[in-house]
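Peer 1: Following this message is one structure expressed as structure tokens.
The values are calculated or read from the model by the stated rules, or taken from the named source; none is laboratory data. Small disclaimer: the values here were computed from a predicted structure and weren't measured. Virtual Cβ from ideal backbone geometry, glycine too; neighbours counted across all protein chains shown. Accessible surface areas use protein heavy atoms only, side chains included; no ligands, DNA or RNA. Shrake-Rupley method; radii C 1.70, N 1.55, O 1.52, S 1.80 Å.
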Amino acid sequence: LLFLPLWFAAMKSGERVKPADRAEQMRQRLAAKASGGGGGGGTKPSGGPLIATLPAPKTALVAGKSIAWLLWAASAVCIVLSLITGVCSLSIGFSILHAGYFANFSRSDLAFQVRVVSCLWVVVGTLATPLRLAIFVSLLAVIAADLGIGYSALERVLYLVLPFNRGENGEALSMDLIYRAFTEPPSKKQQAFSLKPVASGAEALGAVNSGKKEIGR
């Protein structure tokens, strides 16, 4: 009986703490979402960085070139060495490290998907010995276009093939969407590839009418 008052007091204090605990948990979740929202790609990043001390891919290191650019350049060098020496383990190992580095920041965005596909491309070229030259040279061409003008064909293909990469663009896959995806000029802001949805007939008519009103003024 002597412990009953203490028990009731503990229960009441626990009830008072629970709302505060819930609010703190909600605040932590919102902070985690905000910190994980900086990754590129049509899909939302799956959480924040696994290793917070690693520099972000857009960090400039040498001559204004970002880590992402330098990693692609290193990948191209590894592929060329594999073609010359016939030792493909170098390209496979570096491709895995390349994808793993981007997995630190997001396990779902376009940047990570491109590195995974590139790694699989190297593996296929390693296993398909008669086609190795063609496969590796085609991957080198894709990497060269990305390094030279920022045009990533792999990124655009993944944008089209996987609907969740298109984010707010709810357009169905069509010849028009494919044409616009491959002819869209590269972005100079190192952002993930995306396309603005085509305005519907009503939206286009509204834009024309609003333009006429502005001219009338």
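Peer 1: Considering only residues that are part of a helix (DSSP H, G or I) and polar (S, T, N, Q), which ones fall in the range 55-87?
Peer 2: 75, 82, 85
Peer 1: Could you please find all residues in the range 144-169 being acidic (Asp, Glu) and either touching a strand residue (DSSP E or B) at 6+ places or on another chain (Cβ under 6 Å) or closer than 14 Å to residue 194 by Cα (or both)?
Peer 2: Of the residues in the range 144-169, the ones acidic (Asp, Glu) are 146, 155, 168.
Within the range 144-169, 155, 168 qualify.
Peer 1: Among the residues of the range 45-68, are any surrounded by fewer than 13 Cβ atoms within 10 Å (Cβ to Cβ) and at pLDDT 95 or above?
Peer 2: For the range 45-68, residues surrounded by fewer than 13 Cβ atoms within 10 Å (Cβ to Cβ) and at pLDDT 95 or above: absent.
Peer 1: Search the range 47-61 for residues that are closer than 12 Å to residue 101 by Cα and pair each with any residue that is of a type in the set (Gly, Ala, Ser) when their beta-carbon atoms are under 7 Å apart and the residues are at least 6 apart or on different chains.
Peer 2: Partner pairs satisfying both residue conditions: 57/66; 57/68; 57/111.
Peer 1: Quick check on the range 153-186: of everything there that is of a type in the set (Asp, Glu) and without any contact (Cβ under 8 Å) to a residue 40 or more places away in the chain, which residue is surrounded by the fewest Cβ atoms within 10 Å (Cβ to Cβ)?
Peer 2: Top of the filtered list is 168.
Peer 1: Can you say whether residue 37 is more than 20 Å from residue 119 (Cβ to Cβ), open to solvent by less than 30 Å² (accessible area, probe 1.4 Å) and either modelled with pLDDT of 50 or more or part of a helix (DSSP H, G or I) (or both), as far as the supplied structure shows? Spell out the reasoning first.
Peer 2: Numbers: more than 20 Å from residue 119 (Cβ to Cβ): yes; open to solvent by less than 30 Å² (accessible area, probe 1.4 Å): no; either modelled with pLDDT of 50 or more or part of a helix (DSSP H, G or I) (or both): yes.
Here the answer is no, as residue 37 does not meet what is asked.
Peer 1: Check off (1) aliphatic (A, V, I, L, M); (2) over 16 Å from residue 135 (Cβ atoms); (3) surrounded by fewer than 21 Cβ atoms within 10 Å (Cβ to Cβ) for residue 80 and give me the number that stays unchecked.
Peer 2: All conditions are met except number (2).
Peer 1: If you don't mind, another one. Just the residues that are among the hydroxyl-bearing types (Ser, Thr, Tyr) and within 22 Å of residue 108 (Cα to Cα), please, taken from the range 158-191.
Peer 2: Filtering the range 158-191 down to residues among the hydroxyl-bearing types (Ser, Thr, Tyr) leaves 159, 174, 179, 183, 187.
If the condition is that a residue be among the hydroxyl-bearing types (Ser, Thr, Tyr) and within 22 Å of residue 108 (Cα to Cα), then 159, 187 are the ones that fit.
Peer 1: Does the range 83-107 hold any residues that are small (Gly, Ala, Ser), open to solvent by 30 Å² or more (accessible area, probe 1.4 Å) and touching a Ser or Thr at 6+ places or on another chain (Cβ under 9 Å), and which are they?
Peer 2: 89
Peer 1: Here's a follow-up. Please tell me if residue 141 is modelled with pLDDT of 95 or more, assigned to a helix (DSSP H, G or I), surrounded by fewer than 15 Cβ atoms within 10 Å (Cβ to Cβ) and out of contact with any strand residue (DSSP E or B) (no Cβ under 7 Å at 6 or more places or on another chain). Break it down stepwise before answering.
Peer 2: On the way: modelled with pLDDT of 95 or more: yes; assigned to a helix (DSSP H, G or I): yes; surrounded by fewer than 15 Cβ atoms within 10 Å (Cβ to Cβ): yes; out of contact with any strand residue (DSSP E or B) (no Cβ under 7 Å at 6 or more places or on another chain): yes.
Here the answer is yes, as residue 141 does meet what is asked.
Peer 1: Restricting attention to the range 88-137, which residues are assigned to a loop (DSSP other than H, G, I, E, B), out of contact with any Leu (no Cβ under 6 Å at 6 or more places or on another chain) and within 17 Å of residue 192 (Cβ to Cβ)? Let's see the steps before the verdict.
Peer 2: Of all residues in the range 88-137, those assigned to a loop (DSSP other than H, G, I, E, B) come to 88, 104-109, 128.
Applying the additional criterion that residues be out of contact with any Leu (no Cβ under 6 Å at 6 or more places or on another chain) yields 88, 105-109, 128.
Listed by number, the residues that qualify are 105, 106, 107, 108, 109.
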